[in-house]
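The values are calculated or read from the model by the stated rules, or taken from the named source; none is laboratory data. Note that the structure is predicted; figures quoted are calculated from it, not measured. When we count neighbours, we look across all protein chains shown, and the Cβ atoms used for this are built from the backbone with ideal geometry, even at glycine.
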């Protein structure tokens, strides 16, 4: 029976058309299907979206940022280990070291100047503040969204006007540390 796959796909919620004692079509009965579905648990949807956004924010932070150094534009990841290593380098510079051994992504360690370490540290703070603040605003959006709106909330989505304005205010108050790049 060639209609069997359609019947199975619709879990039996079908409209069967018969002509001359022959089944001519099997279509999903959307109304019956929708009526049989369990109600949407908004708390579960929000929890799942929260976890999705949290993971995406962490990935964006860990991906790091580009910084202009004496060697040109170099990329620095910001995994937890990278953040600890950078904090150690910055602490040594703050204690008076004129240089410190560090590394860009996938390169050998080299000596970075005090200015380079400071620039990398400043860029990492701005990067982290931006993504943490953006994530926090997405969480607020999730808290107030209905089930239909939740589906459109993704990391990188444009915030609703009120949240975008609030985020901009926070970043401006953070001053020079605020990163102004768009999330991608």
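Observations
- Restricting the stretch 59-74 to residues that are without any contact (Cβ under 8 Å) to a residue 60 or more places away in the chain and assigned to a loop (DSSP other than H, G, I, E, B), the residue that is nearest to residue 105 (Cα to Cα): 71
- Matching residues, the stretch 75-101, being within 11 Å of residue 116 (Cα to Cα) and in contact (Cβ under 8 Å) with a residue 24 or more places away in the chain: 89, 90, 93
- Looking only at the stretch 138-157, and only at residues there that are outside any helix (DSSP H, G or I) and over 24 Å from residue 123 (Cβ atoms), the one that is farthest from the chain's Cα centre (by Cα): 146
- Residues that are farther than 20 Å from residue 166 by Cβ and out of contact with any strand residue (DSSP E or B) (no Cβ under 6 Å at 6 or more places or on another chain) within the stretch 120-147 comprise 121, 122, 124, 125, 146, 147, listed in sequence order.
- Condition check for residue 56: touching a residue at least 24 places away in the same chain (Cβ under 8 Å) and either assigned by TED's automatic domain parsing to the domain that holds residue 139 or under 29 Å from residue 138 (Cβ atoms) (or both): yes
- Test: residue in the stretch 75-82 that is part of a helix (DSSP H, G or I), at pLDDT 95 or above and closer than 30 Å to residue 159 by Cβ: yes
- Here the condition is being modelled with pLDDT under 95 and farther than 30 Å from residue 44 by Cα; of 147, 126, 121, it holds for 126 alone.
- Among residues of the stretch 83-106, those that are closer than 15 Å to residue 65 by Cα and outside any helix (DSSP H, G or I), counted: 4
- Conditions (1) more than 27 Å from residue 105 (Cα to Cα); (2) assigned to a helix (DSSP H, G or I); (3) in contact (Cβ under 8 Å) with a residue 60 or more places away in the chain; number of the one not met by residue 127: (1)
- Filtered residue count, the stretch 158-171, keeping only those that are farther than 21 Å from residue 49 by Cα and assigned to a loop (DSSP other than H, G, I, E, B): 0
- Of all the criteria given as (1) at pLDDT 80 or above; (2) on the phi < 0 side of the Ramachandran plot, the one not satisfied by residue 20 is (2).
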